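The values are calculated or read from the model by the stated rules, or taken from the named source; none is laboratory data. Just so it is clear, the structure is predicted and the values come from calculations on it, not from any experiment. Note: ideal-geometry Cβ built from the backbone for every residue, glycine included; neighbour counts use all protein chains shown. Surface accessibility is based on the protein's heavy atoms, side chains included, excluding ligands, DNA and RNA. Shrake-Rupley method; radii C 1.70, N 1.55, O 1.52, S 1.80 Å.
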Amino acid sequence: MVSDPSDARRILGIDPGTAVTGFGVVAREAGGRVRLLECGVIRTSAGQPLARRIRDVYEGIARLIERHRPHAVAVEDVFQGKNVRSALTLGHARGAILLAASLREIPLAEYTAPEVKKAVVGTGRATKDQVAYMVQQQLRLKEPPKPHDAADGVAVALCHCMMGAWPRG
């Protein structure tokens, strides 16, 4: 999908993962309407060593940044659940994402999953289907972004918008 003109404010939202990283790029049009520019996932190969998978996440995010030139990157924070190993592995993917944005001096924001769900759906305990549906409604899409990881990436970008965090420029 083609990006907005250079004066549009773009946010890259990311739902990190070492197997699947969801992303969404939104832009504010004149008049304040927010529209979706692109969403999707970065998939890594489960058969590859963790270091290679993290590199693939980094390179995928770097390509998105080059393509869309976002004014800010919003990333979902690590969920502190029962599985410490999963949280640590997820932390590696988040590190690659934060590095990609930081090396390009793009402002970063981090939101917990409940914060994203509350901003987009109205409750911090929303299901993935509810999040996808509300993303569809808010952006006036014909159908929800698929897969759920992509919808989650868009939701992170929308959360950043709803928090009044649009960059000025």
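Residues that are of a type in the set (A, V, I, L, M) and touching a residue at least 24 places away in the same chain (Cβ under 8 Å) were ranked within the stretch 108-126; the one that is most open to solvent (accessible area, probe 1.4 Å) is LEU108. Which one is surrounded by the fewest Cβ atoms within 10 Å (Cβ to Cβ) among residues in the stretch 141-161 that are part of a loop (DSSP other than H, G, I, E, B) and touching a Leu at 6+ places or on another chain (Cβ under 9 Å)? Applying the filter and picking the extreme gives LEU141. Could you tell me whether any residue of the stretch 33-53 is farther than 16 Å from ALA150 by Cα, in contact (Cβ under 8 Å) with a residue 60 or more places away in the chain, surrounded by 13 or more Cβ atoms within 10 Å (Cβ to Cβ) and not acidic (Asp, Glu)? Yes, because at least one residue in the stretch 33-53 is farther than 16 Å from ALA150 by Cα, in contact (Cβ under 8 Å) with a residue 60 or more places away in the chain, surrounded by 13 or more Cβ atoms within 10 Å (Cβ to Cβ) and not acidic (Asp, Glu). For the stretch 62-121, the tally of residues that are among the small types (Gly, Ala, Ser), over 17 Å from VAL156 (Cβ atoms) and not in a helix (DSSP H, G or I) stands at 1.
Determine whether the stretch 88-96 contains at least one residue that is under 21 Å from ARG69 (Cα atoms), modelled with pLDDT of 95 or more, surrounded by fewer than 18 Cβ atoms within 10 Å (Cβ to Cβ) and not charged (D, E, K, R).
Filtering the stretch 88-96 for residues under 21 Å from ARG69 (Cα atoms) gives 93-96.
Now drop any that are not modelled with pLDDT of 95 or more, which leaves 93-96.
Checking the rest, the ones that are also surrounded by fewer than 18 Cβ atoms within 10 Å (Cβ to Cβ) come to 95.
Then keep just the ones that are not charged (D, E, K, R); that gives 95.
Taking every residue of the stretch 88-96 in turn, at least one turns out to be under 21 Å from ARG69 (Cα atoms), modelled with pLDDT of 95 or more, surrounded by fewer than 18 Cβ atoms within 10 Å (Cβ to Cβ) and not charged (D, E, K, R).
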